[in-house]
Amino acid sequence: MSTPALSTSSALQIEDVDFSYQARSDGIDGPLYKEFSLRIEEGSIVTIMGASGVGKSTLGRIMAGTLTPRRGIVRRSPYFTKPSDVVYVDQHPMNSVFPWQTVIENVRYPLKKLNWEIAARHERICYLLTLFRLSDLADVHPAQLSGGELQRLGLCRCLSWKPKLVILDEPFSALDGRVKAEITSALHELALKDHMTLVLITHNVSDALALGMRCIIVAKRPIRVMADLDFPVGFPRDESTADYDAMQQALINGIRDGLV
Amino acid sequence: MVSAMGWFKRNSGGLLFLACLLGAWAAVTALRLVDSLVLPSPWSVVRAAPAMLHERLLADIGLTLGRVLLALVFACALGIPSGLLLSYRRRAYEVLEGPLHALRSVPASALFPLFLIVAGVGEISIVALAAYPSLLVILVNAVSGAALANQRRLYQARLLNLTTLQMVFEVLFYEALPSIFDGIRTAVSYSLVLVIAVEMFIGLGERGLGRAIYLYQSTYRIPETYGAIVIAGMIGILLNSAVTRVQNHMLRWMPNVHQEQ
């Protein structure tokens, strides 16, 4: 792991965290997390990768503060002053949108409640709906959207108010290749423009390679960091370049070493 | 015309059942299997209709319907907000849960004498008695609907620094709405049953469909009695389908409502 320069402050620091769910009677004993530590720099795009059921979503929710670890410290940047500064975007997009509101209402509502001025609100809504290709669906309810459209709406809504730390749980799982490329570039654009720290949680190699500048591979019970890789490859990423190949190889090696 | 055809097609099962029922009724009376004092023929009921209309039947229907609707409006206006607020303030609900369920177990009709003492003989007593169990069932359904709210979505709402009222009326209300409609549906039948029953027994110049049924029966005008009962049944069916319409409109954003259409 590269030691961060002194100037970069951390968005999130997890120290010696212990966590376990109480009512798991599946015969697997022991805590999910034991003395787990992790640090995420402000403004970085970090991927957390691991197999299904490892406890990645749990980690995401510990980061967001919706789950409290039994022991240990979760420190967030002192610049995160409002509850809306940190947001966890659920794996099931229906959990991150209000189904009784149309697409445009879903994006407008948070801005309205966070007291954005009308002009700024309007400009932001137009920009986001275009960026996430939802302009034509503005007056449709979420239940009428396809899986991919719904996932884009979930992202669009949760990023609307420029949160400072965004934890995205499997954000591309329902997107096909072309749309995924569009959305990754949209996310990249937003992250840079709004100075967001992004944490992407995924179990998919190509999702992990799509956006992250750093990839943390975790393995389970108790969860631990198997590899921590830096991906200093520019953006947009072209899958046919040697850099991308090297990155992919490094990731695959990391997974293999981690799982064996 | 096309929409009428569509309506017949959609309701063909129910209409067929109704036709069979009417056929059986006509057959039983035509064959004189039952004394016509107990069961008059369908035709005699139809023949009684003009006289019933002449005897301010429409006013009776209007009165009964008005009381039922008033009771429902009152029950919704009080039950929905207080149910949601109670659910949002868990502590308050934990204190009130026992008494609420105890109250719900007391048959509302048994309380009628109390309502008479408190509110006097009149309109207020009738409406209050119908509103009371409706209020409780809507309130309890609002509480349980809000308790079943999607916790992940409530997390999203909490990020936005909502006030208690915004949280309750802009988020919890919609989360609880399907369950609230179940409550309203039950409340509709409670209200209709109680209003008609009370109209029958309160007497003293109060009119209404229940009173009309009672008066026809006590003067042995059996076809009219049956006619009024059929009308009461139709009011029940109409109220129910009105609730369904409102529900389909207000829950049009729900996935399953759409798939049904």
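With respect to A:VAL199, is the statement that it is at pLDDT 90 or above, under 23 Å from A:ARG39 (Cα atoms) and either more than 14 Å from chain B (Cβ to nearest Cβ) or touching a helix residue (DSSP H, G or I) at 6+ places or on another chain (Cβ under 7 Å) (or both) true? When the stated conditions are applied, A:VAL199 passes them. B:PHE173 passes every criterion in (1) surrounded by fewer than 21 Cβ atoms within 10 Å (Cβ to Cβ); (2) more than 15 Å from B:GLY83 (Cα to Cα) apart from (2). The set of residues from the range A:110-145 being more than 10 Å from chain B (Cβ to nearest Cβ), assigned to a helix (DSSP H, G or I) and without any contact (Cβ under 8 Å) to a residue 12 or more places away in the chain comprises A:ILE118, A:ALA119, A:ALA120, A:HIS122, A:GLU123, A:CYS126, A:TYR127, A:THR130, A:SER135, A:ASP136. For A:VAL103, the conditions (1) within 14 Å of chain B (Cβ to nearest Cβ); (2) at pLDDT below 95; (3) under 22 Å from the mean Cα position of the chain (by Cα) are fulfilled apart from (2). Within the range A:153-177, the set of residues being part of a helix (DSSP H, G or I), within 12 Å of the chain's Cα centre (by Cα) and among the aliphatic types (A, V, I, L, M) comprises A:LEU155, A:LEU159. Checking each residue of the range A:78-99 against the condition of being of a type in the set (Lys, Arg), more than 18 Å from A:ASP194 (Cα to Cα) and either within 14 Å of chain B (Cβ to nearest Cβ) or in a strand (DSSP E or B) (or both) gives no match.
Determine whether A:TYR88 is modelled with pLDDT of 90 or more, farther than 30 Å from B:ASN248 by Cα and either under 16 Å from the mean Cα position of the chain (by Cα) or of a type in the set (A, V, I, L, M, F, W, C) (or both).
Working: modelled with pLDDT of 90 or more: yes; farther than 30 Å from B:ASN248 by Cα: yes; either under 16 Å from the mean Cα position of the chain (by Cα) or of a type in the set (A, V, I, L, M, F, W, C) (or both): yes.
Yes; evaluated as a whole, the condition is true for this residue.
Look through the range B:196-211, keep the residues that are among the small types (Gly, Ala, Ser) and under 20 Å from B:SER109 (Cβ atoms), and return whichever of them is surrounded by the most Cβ atoms within 10 Å (Cβ to Cβ). Give the derivation first.
Initially, the range B:196-211 is screened for residues among the small types (Gly, Ala, Ser), giving B:197, B:203, B:205, B:208, B:210.
Remaining after also requiring under 20 Å from B:SER109 (Cβ atoms): B:197, B:203, B:208, B:210.
Working: B:ALA197: 18, B:GLY203: 11, B:GLY208: 25, B:GLY210: 27.
The selected residue is B:GLY210.
For the range B:112-144, filtered to residues that are touching a Phe, Trp or Tyr at 6+ places or on another chain (Cβ under 9 Å) and not hydrophobic (A, V, I, L, M, F, W, C), the residue that is farthest from the other protein chains (Cβ to nearest Cβ) is B:SER125.
Across the range A:50-66, what is the total count of residues that are more than 21 Å from B:ASN161 (Cβ to Cβ) and part of a loop (DSSP other than H, G, I, E, B)? Let's see the steps before the verdict.
Let us first name the residues in the range A:50-66 that are more than 21 Å from B:ASN161 (Cβ to Cβ), namely A:50-60, A:62.
Among the residues that remain, those that are also part of a loop (DSSP other than H, G, I, E, B) are: A:50-55.
Here the count works out to 6.
A search for C-beta distances below 9 Å between a residue of the range B:151-166 that is at positive phi and facing chain A (nearest Cβ under 7 Å) and any residue that is part of a helix (DSSP H, G or I) and basic (Lys, Arg), counting only pairs 6+ apart in sequence or on different chains, returns B:ASN161/A:LYS113. Test B:ARG221 against the stated conditions and say whether it is touching a helix residue (DSSP H, G or I) at 6+ places or on another chain (Cβ under 7 Å) and basic (Lys, Arg). No, not satisfied. Please verify whether the range B:2-23 includes one or more residues that are in a helix (DSSP H, G or I), touching a Pro at 6+ places or on another chain (Cβ under 8 Å) and at pLDDT 85 or above. Among the residues of the range B:2-23, at least one is in a helix (DSSP H, G or I), touching a Pro at 6+ places or on another chain (Cβ under 8 Å) and at pLDDT 85 or above, which makes the answer yes. Residue-level check: of (1) touching a Pro at 6+ places or on another chain (Cβ under 8 Å); (2) more than 14 Å from chain A (Cβ to nearest Cβ); (3) surrounded by fewer than 21 Cβ atoms within 10 Å (Cβ to Cβ), B:VAL193 misses just (1).
Please work out if A:LYS180 is among the basic types (Lys, Arg) and under 19 Å from the mean Cα position of the chain (by Cα). Considered against the rule, which asks whether it is among the basic types (Lys, Arg) and under 19 Å from the mean Cα position of the chain (by Cα), A:LYS180 comes out as yes. Within the option set A:ALA5, A:ALA23, being aliphatic (A, V, I, L, M), outside the structural domain of A:HIS195 (by TED's automatic domain parsing), in a loop (DSSP other than H, G, I, E, B) and modelled with pLDDT under 80 holds for one residue only, A:ALA5. With respect to being assigned to a helix (DSSP H, G or I), surrounded by 10 or more Cβ atoms within 10 Å (Cβ to Cβ) and either modelled with pLDDT under 85 or among the charged types (D, E, K, R) (or both), B:MET52 fits the description.
A residue that is without any contact (Cβ under 8 Å) to a residue 24 or more places away in the chain, charged (D, E, K, R) and more than 10 Å from every other protein chain (Cβ to nearest Cβ) cannot be found anywhere in the range A:157-170.
Out of the range B:58-89, which residues are polar (S, T, N, Q) and farther than 15 Å from B:VAL198 by Cβ? Don't jump to the end; show me each part of the working.
Filtering the range B:58-89 down to residues polar (S, T, N, Q) leaves B:64, B:82, B:87.
Scanning the range B:58-89 gives B:SER82, B:SER87.
For the range A:182-196, a residue qualifies if it is touching a helix residue (DSSP H, G or I) at 6+ places or on another chain (Cβ under 8 Å) and part of a helix (DSSP H, G or I), and the qualifying residues are A:ILE183, A:THR184, A:ALA186, A:LEU187, A:HIS188, A:GLU189, A:LEU190.
The values are calculated or read from the model by the stated rules, or taken from the named source; none is laboratory data. Computed from a predicted model, the values in this text were never measured in an experiment. As a convention, Cβ positions derive from the backbone with ideal geometry for all residues, glycine included, and neighbour counts pool all protein chains shown.
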